[in-house]
1. Which of the residues that make up the stretch 187-198 are surrounded by fewer than 17 Cβ atoms within 10 Å (Cβ to Cβ) and either acidic (Asp, Glu) or under 22 Å from Asp111 (Cβ atoms) (or both)?
2. Residue check: is Leu174 within 26 Å of Gly83 (Cα to Cα), in contact with a strand residue (DSSP E or B) (Cβ under 7 Å, 6 or more places away or on another chain) and at pLDDT 95 or above?
3. Please work out which one of (1) small (Gly, Ala, Ser); (2) at pLDDT below 95; (3) surrounded by fewer than 17 Cβ atoms within 10 Å (Cβ to Cβ) is the condition Ala218 fails and give its number.
4. Taking the condition over 30 Å from Arg118 (Cα atoms) and either touching a strand residue (DSSP E or B) at 6+ places or on another chain (Cβ under 8 Å) or surrounded by 11 or more Cβ atoms within 10 Å (Cβ to Cβ) (or both), does Glu204 pass?
5. Name every residue in the stretch 119-138 that is closer than 14 Å to Glu170 by Cβ and surrounded by 13 or more Cβ atoms within 10 Å (Cβ to Cβ), in order of residue number.
6. Regarding Glu35, is this residue charged (D, E, K, R), without any contact (Cβ under 8 Å) to a residue 60 or more places away in the chain and surrounded by 14 or more Cβ atoms within 10 Å (Cβ to Cβ)?
7. Taking only the stretch 135-191 into account, find how many residues are in contact with an Asp or Glu (Cβ under 9 Å, 6 or more places away or on another chain) and farther than 30 Å from Phe100 by Cβ.
8. Of the residues Trp90, Trp58, which is under 16 Å from Lys2 (Cα atoms) and among the hydrophobic types (A, V, I, L, M, F, W, C)?
Amino acid sequence: MKAYILAGGLGTRLYPYSLLLPKPLLTLGSKTVIEHILDWITSYKFDEIIIAISGRRWAYDVVLKDSYNGTRLRIKSSEKPLGTAGQLKWIAKGEQETFFVSYSDSIIKADLNDIIKRHKETSAIATVLTAKLKEKLRYGVIEEEKGVLKSWSEKPEVSYRVAAGAFVFEPQFLKYIPEQKYGMNNAVMNAINSKEKVLIYDVESFVDVGNIESYRKAAYEFAERFGDIP
């Protein structure tokens, strides 16, 4: 079974940091983001991990070698960014068995063995890893009916689920991705609209480092957890 890491985005939401290094090679604590992701992925015995990028191969070659924690590692570069699903279509073309996919800007805590076991026990074409989040709104929320105020909740806390940035797919999922730049949400909805079964799996926790605000927050959290780095 193979695992794929999609790292082909331009990282524009992390400018100017990602102008110097690709987003997955920014650091959190003593390791790069992609090394934290690889630590998690190699907790499952995949045959191979393939990292899909779209440029600056030299930077990855400095950090990564041909294996990680005993698992074979391969890096492939597309000519241009293809979107998350578009890049998956390109990198996993010809895949014949169940495979795992991770984005390159989410650090997840979850039991990969259990995730893959549960997926394989079902007839689902995909399992989407999700996270439950709570957030206190910045404003009071007004509810009305025909212009009459019915309730006023001052800065309530709301709960919701988000996609955590990792998946288990069957190879037939790839048929729902056109040969073009394409987003994963659209591909998953194509499958659902075609009556395919798509499951969710709630992770224990995840750290998003996809934009400046979330990366700074994660960096401070790692610094508090591990102390200053020499």
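1. Within the stretch 187-198, Lys197, Val198 meet the criteria.
2. No, not satisfied.
3. (3)
4. Spelling it out, it is not the case that Glu204 is over 30 Å from Arg118 (Cα atoms) and either touching a strand residue (DSSP E or B) at 6+ places or on another chain (Cβ under 8 Å) or surrounded by 11 or more Cβ atoms within 10 Å (Cβ to Cβ) (or both).
5. His119, Lys120, Ala124, Ile125, Ala126, Thr127, Val128
6. Judged against the criteria, Glu35 is a match.
7. Final tally of qualifying residues: 12.
8. Answer to the selection: Trp90.
The values are calculated or read from the model by the stated rules, or taken from the named source; none is laboratory data. Computed from a prediction, not measured in an experiment: that's the story for all the values here. Neighbour counts run over all protein chains shown; Cβ positions are idealised from the backbone, glycine included.
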